[in-house]
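The values are calculated or read from the model by the stated rules, or taken from the named source; none is laboratory data. Being a predicted model, the structure only gives us computed values, none of them experimental. Here the Cβ positions follow ideal geometry from the backbone for every residue, glycine too, while neighbour counts run over all protein chains shown. Heavy atoms of the whole protein, side chains included, go into the accessibility calculation; ligands, DNA and RNA do not. Shrake-Rupley method; radii C 1.70, N 1.55, O 1.52, S 1.80 Å.
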Amino acid sequence: MEAEPGTWHYGVMARWWAEFNVSGPEIDYFRKFLEARGQPALDVACGTGRLLIPYLRAGLAVDGCDISEDMLALCRERAQAEGLSPNLYRQPMHRLDLPRRYRTIFVCGSFGLGGDRDHDLEALQRFYRHLEPGGTLILDNQVPYSYGSDWGYWLKDKRTTLPMAWPPPGSRRRASDGAEYELRSRLVDLDPLAQRVTYEMRAAMWRNDALIAEEERALQLTLYFRNEIMLMLERAGFASIELQAGYSDAAPTADDDFVVFIAKKPG
């Protein structure tokens with residue numbers, strides 16, 4: 001049996017995500033494509049519904065998929081609280097196999113998670129097959145040199161100091177139900193040849209100052225440069241690939257942390 005891609009979006013981390021990761025410029029940015037380029041749309045790696053639920057609330061026809069059943073359960077719970085009934089599918093993106101085709105597929109903040117290049121190329125090919133003729137894929141990517149302190153670990157001497165030490169316990173965040181959460185992460189490994197990084201996360205939850213749950217999970221991420229993704233999109237069959245600085249209509253520059261790829265399936 002094929003191993004699942006390694007991510008940390010489960011358990012306490014999923015609860016933290018549902019509670020605190022609910023805003024951001026991506027929501028309005030991706031929405032304009034759904035309104036202009038058509039529906040139905042698919043939110044790949046929809047998580048707990050940060051983009052999906054506002055779109056459903058606005059009356060847009062959007063389905064969601066994610067590898068984490070924990071994330072999907074929280075997304076479904078949030079949607080039902082607003083009287084919404086989304087179509088949600090538990091599938092990794094490289095095994096996408098859904099019963100309908102879409103005018104728009106969007107991937108926000110998740111391409112490369114799992115650290116497997118073959119899976120990422122397969123995912124692009126599956127997106128292509130799930131688009132209607134003339135449909136559009138919108139995919140964002142954080143450029144490798146934007147990762148601040150991690151960028152230095154591409155150097156051999158610097159990598160000898162990995163893994164990083166765990167940061168000390170810090171401040172907790174209080175959720176709407178009174179529970180408190182704390183996340184701590186560290187860089188474990190960086191392979192510059194594979195362009196793959198490995199992180200570890202410790203997530204803890206307290207209630208009434210009593211520790212209820214504490215989990216430690218790992219995440220691998222493949223880092224991609226602009227031209228690599230361009231070539232992968234072309235190999236998957238896409239044409240007319242446009243680039244924008246995230247999250248605006250401007251052309252990307254070397255100073256932008258995110259690049260958005262807008263790729264068309266031929267009509």
message: Just checking, does the range 119-128 include any residue being charged (D, E, K, R) and either on the phi > 0 side of the Ramachandran plot or in contact with a strand residue (DSSP E or B) (Cβ under 6 Å, 6 or more places away or on another chain) (or both)?
response: no
message: Residue under question is Glu132, and the condition is that it be surrounded by fewer than 19 Cβ atoms within 10 Å (Cβ to Cβ), without any contact (Cβ under 8 Å) to a residue 60 or more places away in the chain and either within 18 Å of Ile262 (Cβ to Cβ) or touching a helix residue (DSSP H, G or I) at 6+ places or on another chain (Cβ under 7 Å) (or both); does it hold?
response: no
message: So, Glu69, is that one over 28 Å from Ile262 (Cα atoms), open to solvent by 60 Å² or more (accessible area, probe 1.4 Å) and under 16 Å from the mean Cα position of the chain (by Cα) or not?
response: yes
message: I'd like the residue in the range 76-94 that is farther than 11 Å from Cys65 by Cα and open to solvent by 50 Å² or more (accessible area, probe 1.4 Å) and, out of all such residues, is farthest from the chain's Cα centre (by Cα).
response: Gly83
statement: Of the residues in the range 28-81, those that are touching a Lys or Arg at 6+ places or on another chain (Cβ under 8 Å), outside any loop (DSSP other than H, G, I, E, B) and of a type in the set (Val, Ile, Thr) come to Ile53
- request: Taking Leu233 as the residue in question, decide whether it is open to solvent by less than 70 Å² (accessible area, probe 1.4 Å) and assigned to a helix (DSSP H, G or I).
  value: yes
task: Scan Asp150, Asp120 and give me the residue that is farther than 23 Å from Ala41 by Cα and not basic (Lys, Arg).
output: Asp150
